[in-house]
1. I'd like to verify a number: residues in segment B:116-153 that are part of a loop (DSSP other than H, G, I, E, B), small (Gly, Ala, Ser) and either touching a helix residue (DSSP H, G or I) at 6+ places or on another chain (Cβ under 6 Å) or modelled with pLDDT under 95 (or both), how many?
2. Taking into account only those residues within segment B:193-218 that are closer than 16 Å to B:Leu143 by Cα and either β-branched (Val, Ile, Thr) or within 14 Å of chain A (Cβ to nearest Cβ) (or both), which is surrounded by the fewest Cβ atoms within 10 Å (Cβ to Cβ)?
3. Regarding segment B:27-42, can at least one residue be identified that is on the phi > 0 side of the Ramachandran plot, part of a loop (DSSP other than H, G, I, E, B) and basic (Lys, Arg)?
4. On the given criteria, is A:Leu37 part of a helix (DSSP H, G or I) and within 14 Å of another protein chain (Cβ to nearest Cβ)?
5. Can you find even one residue in segment B:180-192 that is aliphatic (A, V, I, L, M) and at the interface with chain A (Cβ under 8 Å from one of its Cβ atoms)?
6. Look through A:Ser9, A:Ser14, A:Ser70 and report the one residue that is closer than 21 Å to B:Phe198 by Cβ, assigned to a loop (DSSP other than H, G, I, E, B) and either polar (S, T, N, Q) or in contact with a strand residue (DSSP E or B) (Cβ under 6 Å, 6 or more places away or on another chain) (or both).
7. One residue is enough: does segment A:2-15 have a residue meeting the conditions exposed (fewer than 13 other Cβ atoms within 10 Å of the Cβ), within 14 Å of chain B (Cβ to nearest Cβ) and polar (S, T, N, Q)?
8. Look at B:Val115 and say whether it is under 23 Å from B:Ala175 (Cα atoms), touching a Gly at 6+ places or on another chain (Cβ under 8 Å) and not small (Gly, Ala, Ser).
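The values are calculated or read from the model by the stated rules, or taken from the named source; none is laboratory data. Fair warning: this is a prediction, and the values are worked out from it, not measured in the lab. Here the Cβ positions follow ideal geometry from the backbone for every residue, glycine too, while neighbour counts run over all protein chains shown.
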Amino acid sequence: MVTSVTSFSRTGLSDWLIQRVTSIILLAYFILIAYQLLGSVDYTSWESLFEQTWMKVFTLLAALSLAAHSWIGLWSVFTDYLTERMLGPKGNVIRLTCQLWASTALVAYVIWAVVIVWS
Amino acid sequence: MLNVSLYRYNPETDNAPYMQDFTVDTGDRDLMVLDVLELIKAEYDGSVTYRRSCREGVCGSDGLNMNGKNGLACITPLSESVKGGKLVIRPLPGLPVIRDLVVDMSLFYAQYEKVQPYLQNPTPAPAIERLQSPEERAQLDGLYECILCACCSTSCPSFWWNPDRFVGPAGLLQAYRFLADSRDTATEERLAKLDDPFSVFRCHGIQNCVNVCPKGLNPTKAIGHIRGMLLNRAT
């Protein structure tokens, strides 16, 4: 079996399933946000929406989903194009560097989202 | 007269591949692309190299890229492939070129071998044959007809980028052909070998394979069935 230590869940099926489940969560979240934005929205109503616990939980869930979804997608892109086959001997170093950069950014974004929504 | 642009590369004499133009007298007939190649080889340049055998879409030898679309030269008429009075013929994309239109298909066959494309059943063989019901046999329709011309796998970007790790549409169609076979008992072993991030799941469903298959087969659908079997196995 082909393995990859840097893939999200190490198996193709889990990655595939997680990407689909997270996409449904994100779709639901963005529909909710779009619905709010299309109505009359002002600072007070926006703040009261995000004051509610269910919205905080939903936002956290969406942030985690976005991170997982992005990582699986970016991992596919990186392992397609940033390889030794495509870039020569430096391919693996370039790919690992990009993976490190992307994973750090995604973790930072999740923490940032938690700080914003839960503080 | 037909303008034909042909991919030429002889590693023994050329530093790099180049395109050579021919003006071919087709007599205004709707020839097959293979006929045009035969004309060029017979009347213009005998060194033009390509594979061919049955010349009727059965052997799968003359898979080529014609005006940007993969197909079998022997069953692709000029009326289907010529655009703007010009025909550009290149080897199948993504595989190393041996000479002119002949590619090295080792990677393609390695992936085919990986899926163990043969019936596995350790139980003693019956005196005559392993029977199937008509319904069980019907499960193999649309799967067994593949002639391994490689038009599908070499039109798949995922196979271009990872030909050593992604099985590719041709291999996966054959993988499902044996997964779907009621006589085969190695389903679990076959699925276990496919459940990694590359072998099956590099398919993003863009259906280039379906678009080019000269036999009208649907590898994307077979890959979907494999995904479904992997999901059922794991949940």
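1. So the answer is 3.
2. B:Val210
3. No - not one qualifying residue is present in segment B:27-42.
4. Judged against the criteria, A:Leu37 is not a match.
5. Yes, segment B:180-192 contains a residue that is aliphatic (A, V, I, L, M) and at the interface with chain A (Cβ under 8 Å from one of its Cβ atoms).
6. Unique residue meeting the criteria: A:Ser9.
7. Checked against the condition, which is being exposed (fewer than 13 other Cβ atoms within 10 Å of the Cβ), within 14 Å of chain B (Cβ to nearest Cβ) and polar (S, T, N, Q), segment A:2-15 yields at least one hit.
8. yes
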